[in-house]
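A.B. asks: Mind having a look at this structure? Questions to follow.
The values are calculated or read from the model by the stated rules, or taken from the named source; none is laboratory data. Please read these numbers as outputs of a predicted model, since none were measured by experiment. Positions of Cβ are backbone-derived with ideal geometry, glycine not excepted, and every protein chain shown enters the neighbour counts. Note: areas computed on protein heavy atoms with side chains; ligands, DNA, RNA excluded. Shrake-Rupley method; radii C 1.70, N 1.55, O 1.52, S 1.80 Å.
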Amino acid sequence: LVFMHTVDFDTKSETAFPYSRGDPTLGPRVATCTVRYEDGTTADIPMHYGWNVGDFRLDGTKSDELFSRYLADCREIIVNEADTEVRYVYEWANPHQEKRIAGVSIARDKGCPPVYRLFAVSAICPKR
């Protein structure tokens, strides 16, 4: 599955969530995508700020924003000429390619203040 997404929150705010929750290399979880297979089993895909999703309004010219701008496990799409709005593209490798996906649901993490924005989800079918 390929996700085009972003989060919306003030990274400079005193109330913005810290990187101290959970694994600090991942950043805090902002949402979870649950993949439901035809056989009834599920797989969760955690969306972590700073890993596979970031804030949409980061300024790539500021060095203190580079960690969140150049994420470890995604590609980015710059959507305006001013280089100030970003949509992130994250590709998830299905660990159960033998199973057909029946549905996908997304839930925002209740403990995080940002708004998770999902623009598109697409599937890449493996060669059979």
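A.B. asks: Hey, among the residues in region 86-101 that are in a loop (DSSP other than H, G, I, E, B) and of a type outside the set (A, V, I, L, M, F, W, C), which one's nearest to the chain's Cα centre (by Cα)?
C.D. replies: In this case the residue turns out to be N94.
A.B. asks: Moving to a separate point now. Can you pull out every residue in region 94-110 that is open to solvent by 50 Å² or more (accessible area, probe 1.4 Å) and small (G, A, S)?
C.D. replies: Answer for region 94-110, where residues must be open to solvent by 50 Å² or more (accessible area, probe 1.4 Å) and small (G, A, S): A102, S105, A107.
A.B. asks: Quick check: is even one residue across region 45-59 open to solvent by less than 70 Å² (accessible area, probe 1.4 Å), among the aliphatic types (A, V, I, L, M) and either on the phi > 0 side of the Ramachandran plot or modelled with pLDDT under 80 (or both)?
C.D. replies: Yes: region 45-59 contains one or more residues that are open to solvent by less than 70 Å² (accessible area, probe 1.4 Å), among the aliphatic types (A, V, I, L, M) and either on the phi > 0 side of the Ramachandran plot or modelled with pLDDT under 80 (or both).
A.B. asks: Please work out if P113 is at pLDDT below 90 and part of a loop (DSSP other than H, G, I, E, B).
C.D. replies: yes
A.B. asks: How many of the residues in region 74-90 are touching a Lys or Arg at 6+ places or on another chain (Cβ under 8 Å), of a type in the set (D, E, K, R) and either under 30 Å from T41 (Cα atoms) or modelled with pLDDT under 75 (or both)?
C.D. replies: Within region 74-90, residues that are touching a Lys or Arg at 6+ places or on another chain (Cβ under 8 Å), of a type in the set (D, E, K, R) and either under 30 Å from T41 (Cα atoms) or modelled with pLDDT under 75 (or both) number 1.
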